[in-house]
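Colleague: Please see the structure below; I have some questions.
The values are calculated or read from the model by the stated rules, or taken from the named source; none is laboratory data. These numbers come from a predicted model, not from an experiment. Neighbour counts are summed over all protein chains in view; Cβ atoms, including those assigned to glycine, are modelled from backbone coordinates with ideal geometry.
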Amino acid sequence: MSAMNTVEQNLSVIIPCFNEEKTIKELVQRVLAQPQVFEVIIIDDCSTDQSSSKIASIPDARIVLHKNEKNLGKGASIWRGMKLAKAEYLVIQDADLEYSPEEYQRLLAPLVDGRADAVFGSRFLTYEARRALYYWHRLGNNFLTTLSNMLTNLDLTDMETCYKVMKTEYAQKLDLRENRFGVEPEITAKLAHMRIRVYEVPISYHGRTYADGKKITWRDGFRAIYCIVKYNLFLRK
C-alpha cells in the first residue's frame, strides 16, 4: 500500500494573490477540500479589488491571510509565504483556476513515498485535458526550459510551471530574490544547486487568456533568461 493512503494534512499551500476576485474564493474552497492541506497561506499583494474580502468570507481556521503594504510582486509574495509555512511539504498555487488542486495527491506521491525531495508538475506531460492556447508562449517556454536544463543539468519538460512542490526545509533555504516571474528559474536553479532529488509528474492545465486576467508578458520572458544565467552561474562560484 502506498504511504499516500495514510497521510493527511502534511501540506502548506502558498497562494500569491493580486486582483483575483473573480477566482480566489472558488480556488481556495477547492484547495481546502483536499485532505492533504494543513494550512493555506495567502499573500494578498496589495490588491485593489475585493480579493481580501472574498478570502475573509471563507470560514476555515486553516486560512492564513497576510497583506503586503505595497505591491511587491509574485516572487516576493511566494518567499514570504514559504517562510511562514509549518507543514512538512509546501506547494505554490496560483490564485487563478489554471491549475487544479485536485492533483495534490499526484504531486505529493513521490515525496511521501521517499523518492523525491521536490516535484514539478509538468503541463507538457499532461495525462488528460489541456487547453490549446498561445503557441508562441509554448515555444518560449520550451526555450526557457531548455536553457535552464543546460545550466542546471536537470532534464525538465516545464521549468516555468507554477506547481513546484517540495520539502519545506528545502524551500526555506532558498533565500529568493526575484520579485516577479523570474522566481521560477530562480527556484529551479537553487534547488538544482542543492543536489536534491527532483521529479516531474504530469498535470492537467486550463490556461486563461489575457482577457481572462493572464499577467505574464514578453518582458517577463527576457527577465527569465537573465535569471537563468544569473542564478546558475552565480551559484557555481
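Colleague: Among the residues of the range 107-122, are any over 18 Å from the mean Cα position of the chain (by Cα), surrounded by 17 or more Cβ atoms within 10 Å (Cβ to Cβ), farther than 29 Å from S47 by Cα and in contact (Cβ under 8 Å) with a residue 24 or more places away in the chain?
Modeller: Yes; the residues of the range 107-122 include at least one that is over 18 Å from the mean Cα position of the chain (by Cα), surrounded by 17 or more Cβ atoms within 10 Å (Cβ to Cβ), farther than 29 Å from S47 by Cα and in contact (Cβ under 8 Å) with a residue 24 or more places away in the chain.
Colleague: Looking at the range 41-95, which of its residues are surrounded by 21 or more Cβ atoms within 10 Å (Cβ to Cβ) and in a loop (DSSP other than H, G, I, E, B)?
Modeller: Within the range 41-95, D45, S47, A85, Q93, A95 qualify.
Colleague: Hey, another quick one. Any residue in the range 178-200 that's hydroxyl-bearing (S, T, Y): show its pairings with residues that are assigned to a loop (DSSP other than H, G, I, E, B) and surrounded by fewer than 22 Cβ atoms within 10 Å (Cβ to Cβ) at Cβ separation under 7 Å, as long as the two are six or more apart or on different chains.
Modeller: Y199/R115
Colleague: Are any residues in the range 79-106 aliphatic (A, V, I, L, M) and without any contact (Cβ under 8 Å) to a residue 40 or more places away in the chain, and if so, which ones?
Modeller: Taking the range 79-106 as the starting set, the residues that turn out to be aliphatic (A, V, I, L, M) are 82, 84-85, 87, 90-92, 95, 97.
The answer is none; no residue qualifies.
Colleague: Which one of S12, S51, S57, S47 is modelled with pLDDT of 95 or more, of a type in the set (S, T, Y) and closer than 23 Å to I187 by Cα? Spell out the reasoning first.
Modeller: Numbers: S51 fails: closer than 23 Å to I187 by Cα; S57 fails: closer than 23 Å to I187 by Cα; S47 fails: closer than 23 Å to I187 by Cα.
None of the other options fit; the residue is S12.
Colleague: Does T146 qualify as being of a type in the set (V, I, T) and part of a loop (DSSP other than H, G, I, E, B)?
Modeller: Here the answer is no, as T146 does not meet what is asked.
Colleague: Given I228, I187, I196, I216, which one is modelled with pLDDT of 80 or more, within 24 Å of L125 (Cβ to Cβ) and part of a loop (DSSP other than H, G, I, E, B)?
Modeller: Being modelled with pLDDT of 80 or more, within 24 Å of L125 (Cβ to Cβ) and part of a loop (DSSP other than H, G, I, E, B) holds for just one of I228, I187, I196, I216, which is I196.
Colleague: Please verify whether E169 is in a helix (DSSP H, G or I) and farther than 25 Å from T217 by Cα, treating the condition exactly as stated.
Modeller: Yes, satisfied.
Colleague: Does K25 count as farther than 23 Å from E103 by Cα, free of Cβ contacts under 8 Å to residues at least 40 places away in the same chain, assigned to a helix (DSSP H, G or I) and in contact with a helix residue (DSSP H, G or I) (Cβ under 6 Å, 6 or more places away or on another chain)?
Modeller: No, not satisfied.
Colleague: May I pose another question? Return yes or no: is K167 out of contact with any strand residue (DSSP E or B) (no Cβ under 9 Å at 6 or more places or on another chain), surrounded by fewer than 22 Cβ atoms within 10 Å (Cβ to Cβ) and on the phi < 0 side of the Ramachandran plot?
Modeller: No.
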